[in-house]
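Engineer: Structure in structure tokens, see below.
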Amino acid sequence: MSTTPLPTDTAPLPEARPADPWRMPAPRPRGAVSEALLAALEGSPDDARLAPVTDALEEARIDGPDGPRVVLGEDAQLALLVLYELHYRGVDGVDDGWEWHPGLLALRSRLERPFEAALRARVPQPAWDGTPADAAGVAARLFALAAEDDGPSLSRYVAKKADAAQARELLALKSVYQLKEADPHTWAIPRLSGAPKAALVEIQADEYGGGRPGRMHAELFAQAMRGVGLDDSYGRYVDAVPAVSLVAVNTMSLLGLHRRLRGAIVGHLAAFEMTSSIPSRLYGNGFRRLGHDTDTTWYFDEHVEADAVHEQIAARDLAGRLVEQEPVLRDDVLWGAALCLAVEGDVAAHALERWQRGESALGRPLATA
Amino acid sequence: MTIQGPPDDVTVTACPDGPLLVRGPATILGPDGEPVPRNRATVALCRCGGTAIPPWCDGTHKVNGYRSGPDAPAGDGGDHGGDAPRPRE
Ligand code: FES
């Protein structure tokens, strides 16, 4: 996936914390679009001044034939991340009234159209193989799709080779999503009904700790971050994360926030769960090899057990029963699954390539622990 | 195949080529007869024998070639297994 390089600012990340730690800190701009957007969001939605953002989008030729390439770059991906974040916990210093501002939503859709086109170009619709499209057939097809995935294995590298700095980078790289783990898929709940809805709630309840905040997967991830000496505050490493990772996170938000794409977010979740239990064991092994204790590896150990449950529920009761209910969603479910494998695979390929060259997988280095 | 008791009771779902999914308040006993701590509402019991975290499934069945055999007829009377006689798990 083509990305433009991050600005060559190698200064360590600032240690400043946002005024409101529950929100994402306002990130540093990565180009004209994100710069104009962040400047506009400093103002009030009641006195919206969005013309500079529109101009920057024109200048970037986001609506042109090259739009799908441009939208995968650092600048546009950061802009999308910020726009989507308004629907999660918000951005530090940004008025909550922006979330449903019609002008801002119009700008978002100008980014989303080429973004979706880019994803469709990256991941063609997988063919249905002729199995009956009932719950069992859909589950079998999804498991086969995940098994056929021949993307590079980041977890095997971490198990055997990663050093302490790379292990920290891995967590920083994943933190933009993992500190809000499960949230993008939760958008799908009110869009489903009956059996698939019950299945999604069953999975998500477990993701959120089954009523115990300390077992919430995002909390376990925060604990792992602290274990390797990282700051676990929400969105802390956004500035360090390259576009390829933002693409993976923005993909989930795109699929989750559009009811039209509910089949795809369901397929995405199924594929995510199907590619988690075995890699989680390998990640855990890597962190144990590096001398980390069970508090730090708990996140991975938990996912070995949890995702072996979730993948079964996601395949049959969620994806399978959804396709039985709404057969027209069959191809979207498959595409969402393939998309998950592709964009997550791109992150793995990026990190491996950098690490094997002895370079950082991040756009900006972490301060040493 | 799902073994279904009264509503709100325990159900065990045999996942094709995979684990047994247990929902409801079942107590799982270890070889010593002691209850195995359950950390989640729905658990997956390994039936391929390959897991590293017994009695739970850890996804290993996907890479060790485990096949559970043809499906048993579903409890709703649905025909998932053709005319084959009811297989033993
Ligand atoms: S059934 Fe899943 S590991 Fe044995």
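Engineer: Would you pick out the residues in segment A:185-201 that are more than 22 Å from A:SER155 (Cβ to Cβ) and in contact with a Leu (Cβ under 7 Å, 6 or more places away or on another chain)?
Structural biologist: Those that are more than 22 Å from A:SER155 (Cβ to Cβ) and in contact with a Leu (Cβ under 7 Å, 6 or more places away or on another chain): A:TRP187, A:ALA188, A:ILE189, A:LEU192, A:PRO196, A:ALA199, A:LEU200.
Engineer: Now for a different question. Considering only residues that are more than 10 Å from the ligand (Cβ to nearest atom), part of a loop (DSSP other than H, G, I, E, B) and crowded, with 18+ Cβ neighbours inside 10 Å, which ones fall in segment B:7-21?
Structural biologist: B:PRO16
Engineer: If you go through segment A:131-142 one residue at a time, do you hit one that is under 29 Å from A:LEU257 (Cβ atoms), in a helix (DSSP H, G or I) and away from chain B (no Cβ under 14 Å)?
Structural biologist: No, the conditions are met nowhere in segment A:131-142.
Engineer: Then there's this: Being modelled with pLDDT under 95 and touching an Asp or Glu at 6+ places or on another chain (Cβ under 7 Å) is true for just one of A:THR8, A:THR4. Which residue is that? Walk me through it before giving the result.
Structural biologist: Values: A:THR8 fails: touching an Asp or Glu at 6+ places or on another chain (Cβ under 7 Å).
So the residue among A:THR8, A:THR4 that is modelled with pLDDT under 95 and touching an Asp or Glu at 6+ places or on another chain (Cβ under 7 Å) is A:THR4.
Engineer: Which one of A:ARG288, A:ARG321, A:ARG330 is surrounded by 21 or more Cβ atoms within 10 Å (Cβ to Cβ) and charged (D, E, K, R)?
Structural biologist: Going through A:ARG288, A:ARG321, A:ARG330 in turn, just one is surrounded by 21 or more Cβ atoms within 10 Å (Cβ to Cβ) and charged (D, E, K, R): A:ARG321.
Engineer: Report, by residue number, each residue of segment A:303-312 that is closer than 15 Å to A:VAL201 by Cβ and more than 7 Å from every other protein chain (Cβ to nearest Cβ).
Structural biologist: A:HIS310
Engineer: Which of the residues belonging to segment A:192-227 are assigned to a loop (DSSP other than H, G, I, E, B) and either among the small types (Gly, Ala, Ser) or surrounded by 20 or more Cβ atoms within 10 Å (Cβ to Cβ) (or both)?
Structural biologist: Within segment A:192-227, the subset assigned to a loop (DSSP other than H, G, I, E, B) is A:192-193, A:208-212, A:216.
Passing the criteria: A:LEU192, A:SER193, A:GLY209, A:GLY210, A:GLY211.
Engineer: Output the residues belonging to segment B:46-58 that are near the ligand (Cβ under 6 Å from one of its atoms), over 16 Å from B:THR13 (Cα atoms) and of a type outside the set (S, T, N, Q).
Structural biologist: B:GLY50, B:ASP58 - these are the residues of segment B:46-58 that are near the ligand (Cβ under 6 Å from one of its atoms), over 16 Å from B:THR13 (Cα atoms) and of a type outside the set (S, T, N, Q).
Engineer: Keeping to segment A:252-278, report how many residues are surrounded by 24 or more Cβ atoms within 10 Å (Cβ to Cβ), over 15 Å from the mean Cα position of the chain (by Cα) and farther than 23 Å from A:ALA133 by Cα.
Structural biologist: The total comes to 1.
Engineer: If you scan segment A:198-224, which residues turn out to be more than 14 Å from every other protein chain (Cβ to nearest Cβ) and under 17 Å from the mean Cα position of the chain (by Cα)?
Structural biologist: A:ALA218, A:GLU219, A:PHE221, A:ALA222
Engineer: What number of residues within segment B:35-45 satisfy the criterion of being of a type outside the set (A, V, I, L, M, F, W, C) and near the ligand (Cβ under 8 Å from one of its atoms)?
Structural biologist: Summing the residues that are of a type outside the set (A, V, I, L, M, F, W, C) and near the ligand (Cβ under 8 Å from one of its atoms) in segment B:35-45 gives 0.
Engineer: Kindly indicate whether any position in segment A:224-246 is under 19 Å from B:ARG40 (Cβ atoms) and of a type in the set (D, E, K, R).
Structural biologist: The answer is no; no qualifying residue exists.
Engineer: I need the helices (runs of 4 or more DSSP H) fully contained in segment A:249-363, keeping only those with at least 3 residues that are aromatic (Phe, Trp, Tyr) and touching a residue at least 60 places away in the same chain (Cβ under 8 Å).
Structural biologist: Details: elements: A:262-274, A:277-289, A:294-312, A:321-325, A:330-356.
In segment A:249-363, A:294-312 are the helices (runs of 4 or more DSSP H) which contain 3 or more residues that are aromatic (Phe, Trp, Tyr) and touching a residue at least 60 places away in the same chain (Cβ under 8 Å).
Engineer: For segment A:29-82, give me each residue that is of a type in the set (Val, Ile, Thr), under 25 Å from A:MET252 (Cβ atoms) and part of a helix (DSSP H, G or I).
Structural biologist: A:VAL33, A:VAL53, A:VAL70, A:VAL82
Engineer: Can you name the residue in segment A:107-130 that is assigned to a helix (DSSP H, G or I) and among the charged types (D, E, K, R) and is also nearest to the other protein chains (Cβ to nearest Cβ) among such residues?
Structural biologist: It comes out as A:ARG122.
Engineer: Which members of segment A:89-106 meet the condition of being over 19 Å from the mean Cα position of the chain (by Cα) and either assigned to a loop (DSSP other than H, G, I, E, B) or more than 19 Å from A:GLU59 (Cβ to Cβ) (or both)?
Structural biologist: A:ASP92, A:GLY93, A:VAL94, A:ASP95, A:ASP96, A:GLY97, A:TRP98, A:GLU99, A:TRP100, A:HIS101, A:PRO102, A:LEU105 - these are the residues of segment A:89-106 that are over 19 Å from the mean Cα position of the chain (by Cα) and either assigned to a loop (DSSP other than H, G, I, E, B) or more than 19 Å from A:GLU59 (Cβ to Cβ) (or both).
Engineer: With the requirement that a residue be crowded, with 18+ Cβ neighbours inside 10 Å, away from chain A (no Cβ under 11 Å) and among the charged types (D, E, K, R), what does segment B:44-71 give you?
Structural biologist: B:ARG47
The values are calculated or read from the model by the stated rules, or taken from the named source; none is laboratory data. These numbers were taken from a predicted model, which means no experiment stands behind them. Please note: Cβ atoms are built from the backbone with ideal geometry, for glycine as well, and neighbour counts cover all protein chains shown.
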